[in-house]
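Colleague: Quick one: the structure is below, and I'll ask about it shortly.
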Amino acid sequence: MKTKKINYRNRSTQIGRQNGLKLRLLGYAYAVSGFARIPIENIIRSKFGLRYFSFSSTILTLLFFGMVPFMVADFSHNPFQSYESPSFWQVIWDNLLLYIYLGVVFYFSLKRRKEIKELPSVYDFAMYSKCNGYINRKFLDIKFQGRFVTIREIETFWEPATFFAAGLLLALLGQSLGYLLIFCSVVYSLGYCAAYHYGDNNMMDIIDDTIIQEELMGVIVEGKEKEQSRGYSFMGNVPNGEDNRRRAANKMRGDDEFEDVN
């Protein structure tokens, strides 16, 4: 009887040099970017995947951002001063542009919700359920330094930069909406930078695994140096004798995937 074995999957024991602060910052941004994208992405993108867009998360996010001016007003009020804290309607009036914008986001969120219902079914394999939306054609038509910008550049720079510039202008004019747009655009950019960082590393892991599989026999059995094995080396002792080294290399590559248990 043949049964599948669990083989040791060889990976390089080299420790990569990493910027801990950068990784931590990207990790935090990636964790919170989901809700910070909503005030931007729901407006400029369309046709989200079924598992990417969440109407309930949108409502909670809009409610949270709508409560922030009231929290700021309460926090900034000094109870030892003679004047009273701003009334409900005074806070609304002072931040009117912010609430109008949140209303616009809500309107577009309703449109995105309707779009999802009209999209081809995920269960027919017709739509990726985690699609992060179709990019607006205006961004795809941007040319910079004589070429069209890439999707990566759009997601990490051009989309958030548009709202950052608008937010900066509004903040200089004393509008609270400006600070919301600045915050969301920065987190938006960092979140996508983190996503691409993780994607790059996943792809490099696949490439490195492929190189290991292709070079392992030469490194273990023949003792090839880095110059001959595309930089890969095995850090550790190897068995004595060519046959034993070959057997070990086959195990590490997973060539002996099945063993006889009789």
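We did not get these values from a lab; they are worked out from the coordinates using the rules stated. For clarity, every value in this text was computed on a predicted model and none was experimentally measured. Glycine gets a Cβ as well: all are built from the backbone with ideal geometry, and neighbour counts include every protein chain shown.
Colleague: If you fit an axis through the alpha-carbon atoms of helix 176-221 and take the longest principal axis of the Cα set of the chain, what angle between them do you get, 0 to 90°, nearest 10?
Modeller: It works out to around 0 degrees.
Colleague: Please list, by residue number, everything in the stretch 175-195 whose backbone N is under 13 Å from a paramagnetic label point 7 Å out along Cα→Cβ of VAL72.
Modeller: From the stretch 175-195, the list is 175-184.
Colleague: For a test of understanding, tell me how many lysine pairs in the chain have Cα atoms under 26 Å apart, given they are 8 or more places apart or on different chains.
Modeller: 18
Colleague: In percent, how large is the relative contact order of the stretch 46-134, given Cα pairs closer than 8 Å and 6 or more residues apart?
Modeller: In percent, rounded to a whole number, it is 63.
Colleague: For the chain, set up a Gaussian network in which alpha carbons nearer than 10 Å are linked by springs, and say which option among THR150, THR58, THR210 fluctuates the most.
Modeller: So, out of THR150, THR58, THR210, the one fluctuating most is THR210.
Colleague: Counting only C-alpha contacts under 8 Å and six or more residues apart, can you give the relative contact order of the chain as a whole percent? All intermediate terms of the calculation are to be shown ahead of the outcome.
Modeller: Details: 267 pairs, mean separation 86.8, N = 262.
Relative CO of the chain lands at 33 percent.
Colleague: Here's a follow-up. Please give, to one decimal in nm, the separation of the simple spin-label points placed at SER121 and LYS22, each 7 Å out from Cα toward the Cβ.
Modeller: Rounded to a tenth, the inter-label distance reads 4.6 nm.
Colleague: Sticking with this structure for a sec: Pick from ARG137, ARG230, ARG24 the residue whose mean-square fluctuation is largest in a GNM of the chain, springs joining Cα atoms under 10 Å.
Modeller: The residue that fluctuates most here is ARG230.
Colleague: How much FRET efficiency would the formula 1/(1 + (r/R0)^6) give for ARG230 and ASN201, where r is the Cβ-Cβ distance and R0 is 25 Å, rounded to 0.05?
Modeller: Working: r = 19 Å, r/R0 = 0.74.
The pair ARG230/ASN201 has a calculated efficiency of 0.85.
Colleague: Would you mind calculating the gained length between TYR179 and LEU63 on full extension (0.36 nm times residue separation, minus the Cα-Cα distance), in nm to one decimal? Write out the running numbers ahead of the final one.
Modeller: Details: separation 116, 0.36 × 116 = 41.76 nm, distance 1.65 nm.
40.1 nm is the gain from fully extending TYR179 to LEU63.
Colleague: List the residues, sorted by chain then number, that are 5 or more residues from SER46 or on another chain and whose placed amide H is less than 5 Å from its amide H.
Modeller: Amide H neighbours of SER46: TYR134.
Colleague: Let me ask something additional. Taking only Cα atoms, what is the 0 to 90° angle, nearest 10, from helix 96-118's long axis to the longest principal axis of the chain?
Modeller: That helix lies at roughly 50 degrees to the long axis.
Colleague: Can you tell me the length gained on complete extension of the stretch PHE88 to LYS251, counting 0.36 nm per residue apart and subtracting the Cα distance? Provide the component values of the computation, followed by the final result.
Modeller: Details: separation 163, 0.36 × 163 = 58.68 nm, distance 7.07 nm.
That works out to 51.6 nm of additional length.
Colleague: Quick check: residue separation of THR150 and ALA166 times 0.36 nm, minus the Cα distance between them. What number comes out in nm?
Modeller: Details: separation 16, 0.36 × 16 = 5.76 nm, distance 2.24 nm.
Full-extension gain reported as 3.5 nm.
Colleague: Given DSSP loops and a limit of at most 14 other Cβ atoms within 10 Å, what is the longest stretch of the chain that contains no such chymotrypsin sites (Phe, Trp or Tyr not before Pro)? List each step's numbers first, then the result.
Modeller: Values: sites that count: TYR8, PHE80, TYR83, PHE125, TYR128.
By the stated rule (loop sites, at most 14 other Cβ atoms within 10 Å), 129-262.
Colleague: Given [x] 1.17; [y] 0.95; [z] 1.01 as candidate values of Rg/Rh (Cα atoms, Kirkwood Rh), which corresponds to the one derived from the coordinates?
Modeller: So the structure-derived entry is [x].
Colleague: Another one. What nm distance separates the two modelled labels at LYS114 and ASN132, each placed 7 Å from Cα along Cα→Cβ?
Modeller: For the pair LYS114/ASN132, the computed spacing is 2.7 nm.
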